[in-house]
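Here is the structure we will look at.
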Amino acid sequence: MQINSPDFKNSSKKALDNPGLQKALGNLRNGFPVKRANAVQRMPEFELLRNEGRDIKNHVIANLDFYLEEFETNVTKNGGNVHWACDAEDARKAILDICQKANAKTVTKGKSMVSEEINLNEYLESNGVQPVETDLGEYILQLREDHPSHIIAPAIHLNLDDVSSIFSEKHGTPHTSDPAALMQEAREVLRDKFVAADVGITGANFCVAETGSTIIVTNEGNGDLTQTLPRVHIVITTIDKVVPTLEDMSLFLRLLARSATGQEFTVYNTLSTGPRRENDADGPEEYHVVLLDNGRSEMIGTQFQDMLRCIRCSACMNHCPVYGAVGGHAYGWVYPGPMGSVLTPKLIGIEKSGHLPNASTFCGKCESVCPVHIPLPKMMRHWREKEFEKHLSPKGFRFGIGTWAYFAKRPALYRWLARASAFSLKLMGGKSRRIRSLPLKNGWTAWRDLPAPEGGTFMDQWKKNQSTETSPSHPDNKCRS
Amino acid sequence: MTLTNPPHRVGLFVTCLVDMFRPSIGFATVKLLEQAGCIVEVPDTQTCCGQPSFNSGDRSSTAEIAKNVIDAFDGFEYIVGPSGSCIGMLRQYPELFSDNDPYKARAETLATRAYEITSFLTDILSFDQIIADYQGSITYHDSCAGLRELGVKNQPRQLLGKIDNLDIKEMNEAETCCGFGGTFCIKYPDISNRMVSNKSSNAEDTGAKTLLGGDLGCLLNMAGKLKREGSTIEVRHVVEVLANMTQAPAIGEAQYDLANEL
């Protein structure tokens, strides 16, 4: 996926001016957060579960090598193969290699953000293998040559009309605005693709070390057909997805569904444990797990380590007022919203993604709903610190903050500055006591007035009162009790 | 007040915005603290909590500013301010210093003694003798840092509930950020505008006469938007109502009698 993160400001402006997108985002804001809140309310022990989830993940991260090796041992024992991939290139090559050995012409795909991260579709296509997305949202996006704007609801930026138009155009069918009819249309087209595919590629929500299993959770069942029908099943996933036991996995499934969609459980929870065994009725002949690192192991022992706890539920973006205003595409790469604003700078570099950790009010809503208590605002601030250290912040802004800090460190000078500012801003406010425009192209007064100061600083008035009275009182306060 | 215990000695953390934009919030805070039996002092070397530097990634300037605050408030039993955001910042000071820095322990002490005003009155002093007169309905915006870092949610409502004839009309998404975010509103004005527009329409929908909150940054943002839109909702800091100091014009309002203005 092309990196458009440096263009965040323009993209977000366009997003704000796009009525279709704004309508879609309105649906999101009124959907997932409400459902999550209801699901959490129905489960009194949810907070305990969150703490336990955090602790298990911390334990895994501290012993990552152990659990990954245990996972590999058990996958191999079950007759499967683990392919270690340091970076995107390694992962792409490993997948293409398996596809070519299987003489694959088409591959079906379950939804996988990691496959977006490594640009898998483009790579397979350019090497003569046709990928077919089977998640409904991803399928719509593939037809539109579009990309996901959300990690679990990839086509959340679209409305029914958009889907209707593209289906009619690509399938040659009459326009319909009946969602059930559209779904049926997709189902019929995809059914043939499932049967024809030589290889099925899915992601994994979790990798279970004790059994060597991977699990995917979906609400459509497309993942099951992707992983059981073709001769070869490839799982593309990352090293941070490993959990010790099935018991632990169950805990995360309970957290995941409630945090993501407000369901108590996702509809389809499908475990894959090796290729088809002798007496199995169906299943793939080969089972491969491509385990991608792509910089994640470097986060261990740094200020960003806690990010590895993420279970990709999307609660942070569903509740983020910035994501809710501009949508996922504005972020300009694979992972949007608060989790993306922490992860993306690690994956593509802070030089290209500086806007992401800056475009946050640090309102803390994301952290408050994160099922594994990731301190997302704190880590966004750490990226701002990296930016500051590398002198990447815009010069004007840096100068402004530097000047302000110079005064804030010197109380006497600061008093003078506050006095002068209060005085001049009050003058500018005039009789209306509101400032409608400030010099230069000011972001504040472009959209709102600046209420003018009352006049005179608190510190000056306090001092004056102290010198004239024994008990302090506000000069305007006529009804002091 | 209990007569047996000596009064609490409280240092007022004025906050830079209150100092410059709306001193009456500072005086209202002092009045409430005094009504609750505290002795209030205002250290004159205080400037700002350092949040603009902290959130811009400038840790070393933030640490310098933090040292100034720590020195200024040395020896106070409590540090109280009319802002969840600034008090939340004071509570983060310990992470600015390494373990062998003498300021580390002092920052930790400061963090445990720093309180937002409504939380201090209710949670620490169990004070509820509000003597105020206010007619009409209000709606309350829960500012983010106060709400999520300090757990300020019921405290202001509990205190407002002591005022006869004051009716609280809760708005939708009261806990959603107003889009101020310190430097955010200057760096990303368009996104900030969308957020504050949502807030102003949620406030309008309640039909309340007044919008209250506990952080002047958010209040300036919301008042600025409401006034630009021509709304008649008046915006005030919650302490102005609690201290019965609503004679002064609301935030961004002209004097009632323009002839008296200079």
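The values are calculated or read from the model by the stated rules, or taken from the named source; none is laboratory data. What you are looking at is a predicted structure, and each value in this text was computed from that prediction instead of being measured. When we count neighbours, we look across all protein chains shown, and the Cβ atoms used for this are built from the backbone with ideal geometry, even at glycine. Accessible surface areas use protein heavy atoms only, side chains included; no ligands, DNA or RNA. Shrake-Rupley method; radii C 1.70, N 1.55, O 1.52, S 1.80 Å.
Enter the mean number of other protein chain beta carbons within 10 Å of the beta carbon of each residue in A:306-318, as an integer.
Details: counts 0, 0, 0, 0, 0, 0, 0, 0, 0, 0, 0, 0, 0.
Average neighbour count from other chains, rounded to a whole number: 0.
With a 1.4 Å probe and all protein chains kept in place, how much accessible area does residue A:34 have, in Å² rounded to the nearest 10?
70
For segment B:24-57, list whatever residues lose no less than 40 Å² of accessible surface once every protein chain is in place, relative to that chain by itself, with the probe at 1.4 Å.
Output list: B:27, B:31, B:34, B:42, B:44, B:47, B:55, B:56, B:57.
Pull up all non-local amide H partners of residue A:83: gap of 5 or more, or a different chain, and H-to-H distance under 5 Å with H placed in the peptide plane.
Amide H neighbours of residue A:83: A:289, A:290, A:291.
What is the local net charge at residue A:343, summed over the other residues whose Cβ is closer than 13 Å to its Cβ (Lys, Arg +1; Asp, Glu -1)?
Working: positive: A:296, A:309, A:312, A:346; negative: A:116, A:117, A:240, A:298, A:306.
Net local charge, residue A:343 excluded: -1.
Near residue A:333, within a Cβ-to-Cβ distance under 12 Å, what is the net charge of the other residues, with Lys and Arg +1 and Asp and Glu -1? Write down the numbers at each step before the final one.
Details: positive: A:346, A:352; negative: A:7, A:116, A:117.
Net charge around residue A:333: -1.
So with the 1.4 Å probe, I'd like the accessible area per residue for the protein assembly as shown, rounded to whole Å².
On the way: 29650 Å² over 743 residues.
In whole numbers, the protein assembly as shown has 40 Å² accessible per residue.
Against the 2.2 N^0.38 Å scaling, with N counting residues, where does segment B:156-210 land? I'd like the Cα-based Rg ratio to two decimal places. Could you put the intermediate results ahead of the total?
On the way: Rg = 13.9 Å, N = 55, 2.2 N^0.38 = 10.1 Å.
The reported ratio for this selection is 1.38.
Between residue B:137 and residues 5 or more places away or on another chain, which pairs have amide H atoms under 5 Å apart, with H built 1.01 Å from N, and which residues are they?
B:167, B:209, B:210
Per residue of segment B:169-184, in order, report the coupling 6.51 cos²θ - 1.76 cosθ + 1.60 (Karplus, θ = phi - 60°) as ³J(HN,Hα) in whole Hz, putting x for Gly and Pro.
Once θ is set to phi - 60°, the couplings for segment B:169-184 become 10, 5, 9, 5, 6, 4, 8, 8, 3, 7, x, 5, x, x, 5, 3 Hz.
Calculate how large, on average over all directions, the projected area of the Cα convex hull of segment A:58-176 is; give the answer in nm² to one decimal. Could you put the intermediate results ahead of the total?
On the way: hull surface 39.5 nm².
Projected over every direction and averaged, the Cα hull of segment A:58-176 covers 9.9 nm².
If B:34, A:278, A:185 are ordered by their accessible area, calculated over protein heavy atoms with a 1.4 Å probe, which sequence runs from highest to lowest?
Working: B:34 55, A:278 180, A:185 30 Å².
Largest accessible area first, the list is A:278, B:34, A:185.
For the cross-link pairs A:93/A:352; A:378/A:409; A:101/A:193; A:9/A:365; A:352/B:67, which exceed 28 Å when the distance is taken from alpha carbon to alpha carbon?
Numbers: A:93/A:352 26 Å; A:378/A:409 24 Å; A:101/A:193 20 Å; A:9/A:365 22 Å; A:352/B:67 34 Å.
Violating the 28 Å Cα-Cα cut-off are A:352/B:67.
So, taking all protein chains as they sit and a 1.4 Å probe, how much accessible area belongs to residue B:126, in Å² rounded to tens?
Approximately 90 Å² for this residue.
Within straight cross-link reach of residue B:209, meaning Cα distance under 13 Å, which aspartates and glutamates are found once same-chain residues fewer than 8 apart are removed?
Counting by Cα, and skipping residues close in sequence, residue B:209 has these aspartates and glutamates nearby: B:167, B:170, B:234.
What percent of all Cα-Cα pairs in chain B falls into each 5 Å bin, going from 0 up to the bin containing the maximum distance?
P(r) for chain B, in whole percents per bin: 1, 6, 13, 17, 19, 16, 13, 9, 4, 1, 0, 0, 0.
Picking from B:108, B:41, B:229, which is most flexible by a Gaussian network model of chain B using Cα springs under 10 Å?
Looking only at B:108, B:41, B:229, the largest GNM fluctuation is found for B:229.
Please report the carbon-and-sulfur percent of the accessible area for chain A; probe 1.4 Å, protein heavy atoms only, DNA, RNA and ligands left out. Walk me through the numbers on the way to the answer.
Details: 10660 of 20640 Å².
For chain A, the apolar C and S fraction of the accessible surface comes to 52 percent.
Springs between alpha-carbon atoms under 10 Å, Gaussian network over chain B: tell me which of B:22, B:228, B:157 tops the mean-square fluctuations.
B:228
In whole angstrom, how long is each semi-axis of the equivalent ellipsoid of segment A:31-294, when you take the square root of 5 times every eigenvalue of its Cα gyration tensor and sort them from largest down?
Numbers: eigenvalues 167, 131, 51 Å².
They are 29, 26, 16 Å, listed from largest to smallest.
Between 0 and 90 degrees, rounded to the nearest ten: what's the tilt of helix A:395-408 against the longest Cα principal axis of chain A?
Approximately 50 degrees, to the nearest ten.
Taking only Cα atoms, what is the 0 to 90° angle, nearest 10, from helix A:32-41's long axis to the longest principal axis of chain A?
Approximately 90 degrees, to the nearest ten.
Using a 1.4 Å probe over the heavy atoms of the protein chains, calculate the carbon and sulfur portion of the accessible area of segment B:130-242 as a whole percent.
Carbon and sulfur atoms account for 44 percent of the accessible area of segment B:130-242.
Helix A:458-468 versus the longest principal axis of chain A: what angle, 0 to 90°, nearest 10, using Cα atoms?
30
What list of ³J(HN,Hα) values in whole Hz, one per residue of segment A:141-148 in order, does the Karplus curve 6.51 cos²θ - 1.76 cosθ + 1.60 (θ = phi - 60°) give from phi, with Gly and Pro shown as x?
Karplus-based 3J(HN,Hα) across segment A:141-148 equals 5, 5, 4, 7, 6, 10, 10, x Hz.
Work out how far the C-alpha atoms of segment A:411-468 reach from end to end along every principal axis, then list the three figures in whole Å, largest first.
42, 25, 14
Please give the average number of partner chain Cβ atoms lying within 10 Å of the Cβ of each residue in A:25-34, rounded to a whole number.
Working: counts 1, 0, 0, 0, 3, 0, 0, 0, 2, 0.
Per-residue shielding by partner chains comes out at 1.
At a temperature of 4 °C and a viscosity of 1.567 mPa s, determine how fast segment B:1-75 diffuses translationally according to Stokes-Einstein, using the Kirkwood radius over alpha-carbon pairs as Rh; express D in µm²/s, rounded to the nearest whole number.
After rounding, the answer is 94 µm²/s.
Can you give the local net charge around residue B:69? Use residues other than it whose beta-carbon is closer than 14 angstrom to its beta-carbon, Lys and Arg +1, Asp and Glu -1.
Working: positive: A:409, A:410, B:67, B:91, B:106, B:113; negative: B:19, B:44, B:64, B:71, B:74, B:108.
With Lys, Arg at +1 and Asp, Glu at -1, the net is 0.
Going by average Cβ density within 10 Å per residue, which order do the peptides B:168-174, A:120-126 take, highest to lowest?
Working: B:168-174: 15.7, A:120-126: 17.4.
Ranking, from highest mean packing down: A:120-126, B:168-174.
For residue A:404, tell me the accessible area in Å² from a 1.4 Å probe, rounded to the nearest 10.
50
If you take each beta carbon of peptide A:422-429 and count the beta carbons of other chains within 10 angstrom, what is the mean? Please report the intermediate quantities before stating the final value.
Numbers: counts 5, 1, 0, 2, 3, 1, 0, 2.
For peptide A:422-429, the averaged partner shielding equals 2.
Measure out, as a whole number of angstrom, how far apart the alpha-carbon centroids of segment A:1-16 and segment A:225-248 sit.
33
When the gyration tensor of segment A:291-421 is built from Cα positions, what are the square roots of 5 times its three eigenvalues, in whole Å, from largest to smallest?
Working: eigenvalues 195, 57, 41 Å².
Semi-axes, largest first: 31, 17, 14 Å.
What are the ³J(HN,Hα) couplings of segment A:450-455, residue after residue, when phi is run through the Karplus curve with 6.51, -1.76, 1.60 and θ = phi - 60°? Round to Hz, x for glycine and proline.
Result, rounded to whole Hz: 9, x, 6, x, 5, x.
I want to check the label-to-label distance for residue A:198 and residue A:130. Put each point 7 Å from Cα in the C-beta direction and report it in nm to one decimal.
With each label point 7 Å from Cα toward Cβ, the separation is 1.3 nm.
Over every pair of different alpha-carbon atoms in segment A:154-301, take the mean of 1/r and invert it; report that Kirkwood radius in Å.
Numbers: mean 1/r = 0.0572 Å⁻¹.
Hydrodynamic radius (Kirkwood, Cα pairs) of segment A:154-301 is 17.5 Å.
In square nanometres, what is the average projected area of the Cα convex hull of chain A? Spell out each step's value before the answer.
Numbers: hull surface 118.1 nm².
Taking the Cα atoms of chain A, their convex hull projects to 29.5 nm² on average.
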